[in-house]
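Below: the structure, in structure tokens.
Every number here is computed from the coordinates shown, using simple stated rules; none is lab data. This one's a predicted model, so the numbers in the text were calculated from it and none came from an experiment. A quick note on method: Cβ atoms are made from the backbone with ideal geometry, for glycine too, and the neighbour counts reach across all protein chains shown.
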Amino acid sequence: MKKGVYLFPNLFTTGNLFLGFYSIVASLEGRFGLAAWAIVGAIFFDMLDGRVARLMKATSSFGVQYDSLADLVSFGVAPGLLAYNWTLSPLGRVGWLIAFLFLTCGALRLARFNVQAGEGQGKKNFQGLPIPAAAAAVATTYLFISGIHLVLPYRLVMAWVAALMVALAFLMVSNVEYRAFKEVDPARRHPFGMLFLAVMVIFILAAEPHVSFFAFAMAYVFSGPFFYLLSSRKVEVPAEEEAEV
């Protein structure tokens, strides 16, 4: 701290924290669309701060801790409050306990990640669902339902959101691995096809943002359990064959 802090990466983290706080304010005022989009914006700031820090070789312990605190606000408190004010509040105590479970598991996920990184136990993939992805699943669920003007029974929406929040909470503290995409380095050359793929992703997001953001978020959330079960089956097959022999 006596040497100062890196300004540029921490400004991105501050942008993440600002949008998280704005999402909380918007949720309290009943402007759920703005609250959801603010969470999505905070995710982009969170993706940038770490990459900018690594590219500038400006990583620091201060930046790691500041980023975690910002993430807890933007991806723990903000989506929990959004879900509660939007649809869980009629459940009373059960509703806010579900939101609190989501927040608590998000905090545990961040604490475990920091401990593992500090002890040099960082893996190629994430252990447990990253908290920004969990927040994206909550925020884009609202954007999807409201964006396509889907008329569903309120109890059905309430049940879906409650089940989703509980599932996301347990996935965050689970040992299920999620792709971290750390091998994608924007500072080096890539095949031309990668640029075309990136352009197509941007095109899809811009064409139908309410649907595409929701689809990408859910695909990532379900990718962890899918590949976990797939790898478990691959491990079990040789064992069964040996038993037969």
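Dipole magnitude for the range 1-84: computed about the Cα centre from +1 point charges on Lys and Arg Cβ and -1 point charges on Asp and Glu Cβ, it is near 360 debye. Compared with the alpha-carbon gap, the fully stretched path from residue 94 to residue 62 is longer by 7.9 nm at 0.36 nm per residue. Only one residue of 151, 23, 167 has its Cα farthest out toward the positive end of the dipole of the range 7-244, where Lys and Arg carry +1 and Asp and Glu -1 on Cβ, and that residue is 23. For the range 164-179, list residues with backbone N below 13 Å from a point placed 7 Å from the Cα of residue 226 toward its Cβ? What the label zone holds, given the 13 Å backbone N cut-off, is 179. You can think of it this way: the chain between residue 117 and residue 166 has 15.0 nm of extra reach, that is 0.36 nm per residue less the Cα-Cα gap. When you restrict to C-alpha pairs under 8 Å that are six or more residues apart and normalise by the size of the range 7-244, the relative contact order lands at 21 percent. Label sites at residue 216 and residue 108, each approximated as a point 7 angstrom past Cα along Cα to Cβ, lie 3.0 nm apart.
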